[in-house]
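First the structure, in the form of structure tokens, and then the observations on it.
The numbers here are math on the coordinates, done by the rules we state, and not lab data. Bear in mind that the values here come from a model prediction, so they are computed numbers and not experimental data. We place every Cβ from the backbone using ideal geometry, glycine too, and count neighbours over all the protein chains shown.
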Amino acid sequence: MATLATLLLALPLLAGCQPSGPRRSLVVASKSRIDSLDPVQASRIGVMQVLSGLGDPLYAIDSNGRLEPRLATALPLLSSDGRRARIPLRRGVLFHDGTRFDAAAMAFSLRRFMAIGTLGYQLSGRVEAVRVTAPYEIELVLKRPFSPLPRLLSAIFLTPVSPTAYRLHRDKPLHDRFVGTGPYSLAFFGGQQQRLKPWERYWGRRPDNAGIDLVTLSNSTALFGALRSGEIDLLLNSGLEIDHQQALHREAAAGWLREAVGPSQEIALVSLLSDQPPLNRPGLRQAVARSLDRATIAQRVTLGLRSPQRQLIPPDLPGSDPTAWPAYDPAGARALYRQAGYCRGRVLTLPLTYRSDIPTDRLFALTWQAQLRRDLGDCVTLEVSGMESTTAYSQLDKGALTMLFYDWIGDYPDAENFLMPLLSCSKAEGNRCLEGNSVLGGSFWTAPGLEAELQRSSQLDGPERTALLVAIQRRVAAANPYLPVWLSAPAAWGGLGLSRPRFDGSGRVILGELRRLPGTVGARQP
């Protein structure tokens, strides 16, 4: 593994000759390795961050959560039945290869994403056809009315690509290039580094910096030290160890660093296998829900950097209900365990699987195990075991894991993107889901009429939709097929010589606003 210093020294050589003197490009570092820059392959936080500098979405969510047109010039114009959405497009936009952006280019990109995208289902599950209705207007024919459509179209993985550059990659990914319309163009691509340079013919606001070098290291300690020494300008918290995040937070509070925290799109939860003993008994699932001391666990495991969560929807989105799931209640839990025949010389053993390649997961499992031993040890015990993430995910839909601790990250900021992926069920038998997202999520739970309510919530808007989303959450909480644990927010730290970073409403740092401040130095060593 290359060291950070090696990567930084190599940047000028890899990207071409640089003027002598101080480094001009800003260096942004994280633990997120990038294997492909093709939007059809995008599914992880790191590549979404890079694409946000290289491409434009049709719409964007600003830092206050408001929707604004970008490559579109207005919100979709819906037909009377809500199934056709016409979107006017911006004129005068060029791709980085000089190709003109128009309706044909947008349609090319959307159809390509629907056909081969890793997250293609996000569009193909809702859009029946993409039509060019004018040189700068497209029409989306929807399978059913879908009120969060503009928010879905704010997803950066739907950024258009040049039909000229991707002509031979219509049906296959192009990993090591990106030709889009964004404020930066790609100057160099490697798995551990990408160089972005300002696009001189960009249609919108030009970047406030001379370029961005994004570098990746898997070593949290190296990244932590590189920021404190001033080797890098900005450090993103994705994958960073909790103790390092806490230290950086304290240094920012002391005035040694600049810190920014963005809106959260990541919820940690426990899936409960609801169609097999012992958790096929609703009373036992409710007992488990009342057995989790979120506040204590979040403080001890995440050092207070993640907030306890009693719902499946992030709190800043419409439909949020912060008290949907029951609070920690050991007396109530004990009563439910007793009703199920435990606590009087009989102890319920629950297998809990955690992702072994994520240190925080193991700490969560061991801390909850200890908390249960202390508070309800005569009623319930956890039998904890680790499993590598990829293997664990592959076992969820097989019903092999009684309980799995994992996280869910929304692809775009809307309640629908948190409820449907965990609860939707296309084939059911009573309260048992046989096919659908509930199976993929590991709970196998549904309820009569729930799918219809989920679909209806995606066709409503305003207060009526919010009320239905709250009602759905409370219905799910009463059955407890999932146990929300905590909420994670993106954070970034920069030296004092850097402007304060700012996040957009989708949880990504706005790269174009980063700039060096005159008369200042880098990060201060405490």
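Here the extension length gained between Arg111 and Arg250 equals 45.3 nm, from 0.36 nm per residue of separation less the Cα-Cα distance. Taking a straight line from the alpha carbon of Lys172, these aspartates and glutamates sit under 18 Å away, with near neighbours fewer than eight places off in the same chain left out: Asp35, Asp38.
Anything in the chain that counts as a DSSP H helix reaching 18 Å or more along its axis (C-alpha) with Kyte-Doolittle mean of at least 1.0? List them, would you? Taking the DSSP H segments of the chain (at least 18 Å long, mean hydropathy at least 1.0), we get 103-116. Taking the Cα centre of the range 56-173 as the origin, how large is its charge dipole in debye, to the nearest 20, when only Lys and Arg (+1) and Asp and Glu (-1) carry charge on their Cβ atoms? In total the dipole reaches around 240 debye.
Principal axis extents of the Cα atoms in the range 56-173, from largest to smallest and rounded to whole angstrom, are 37, 29, 27.
Here the chain carries DSSP beta bridges of which approximately 75% are antiparallel, counting only pairs with both residues inside.
By the count of neighbouring beta-carbon atoms within 10 Å, fewest first, Thr381, Thr446, Thr302, Thr221 end up ordered Thr221, Thr381, Thr302, Thr446. Ordering Trp445, Ala289, Tyr354 by Cα displacement along the dipole of the range 266-488 toward the positive end leaves Ala289 in first place; charges were set at the Cβ atoms of Lys, Arg (+1) and Asp, Glu (-1). For the range 266-488, the normalised intensity computed at q = 0.09, 0.11, 0.13, 0.17 Å⁻¹ comes to -0.33, -0.50, -0.71, -1.26 (log10 of I(q)/I(0), Debye sum over alpha carbons, equal scatterers, no solvent).
Each of Val179, Val261 has some number of other Cβ atoms within 10 Å of its Cβ, and from fewest to most they run Val261, Val179. Rounded to the nearest 20, the Cβ-based charge dipole of the chain about its Cα centre (Lys and Arg +1, Asp and Glu -1) stands at 280 debye. Solvent-free Debye calculation, one equal scatterer per alpha-carbon of the chain: log10 I(q)/I(0) at 0.08, 0.11 Å⁻¹ equals -0.55, -1.01. The string of couplings for the range 262-278 from the Karplus curve (6.51, -1.76, 1.60, θ = phi - 60°) is x, x, 8, 10, 10, 10, 8, 8, 10, 8, 10, 5, 8, 10, 9, x, x Hz, one whole number per residue in order, with x for Gly and Pro. If R0 equals 30 Å, the separation of the Cβ atoms of Leu77 and Ser426 corresponds to a calculated FRET efficiency of about 0.45.
Mind giving me the FRET efficiency for Val261 and Arg344? R0 is 60 Å, r the Cβ-Cβ distance, nearest 0.05 is fine.
Given R0 = 60 Å and the Cβ-Cβ separation, E is 0.80.
Mind putting a number on the dipole of the range 266-488 about its Cα centre? Charges go on the C-beta only, +1 for Lys and Arg and -1 for Asp and Glu, and I need it in Debye to the nearest 20. Intermediate results must be reported in sequence, preceding the final value.
Numbers: 22 positive and 23 negative charges, 219 e Å.
Magnitude of the dipole: close to 1060 debye.
The residue list Asn209, Val27, Leu119 was ranked by how far each Cα lies along the charge dipole of the chain toward its positive end, using unit charges on Cβ atoms, and Asn209 comes out on top. For Asn237, the residues 5 or more places off, or on other chains, whose built amide H falls under 5 Å of its own are Ala491.
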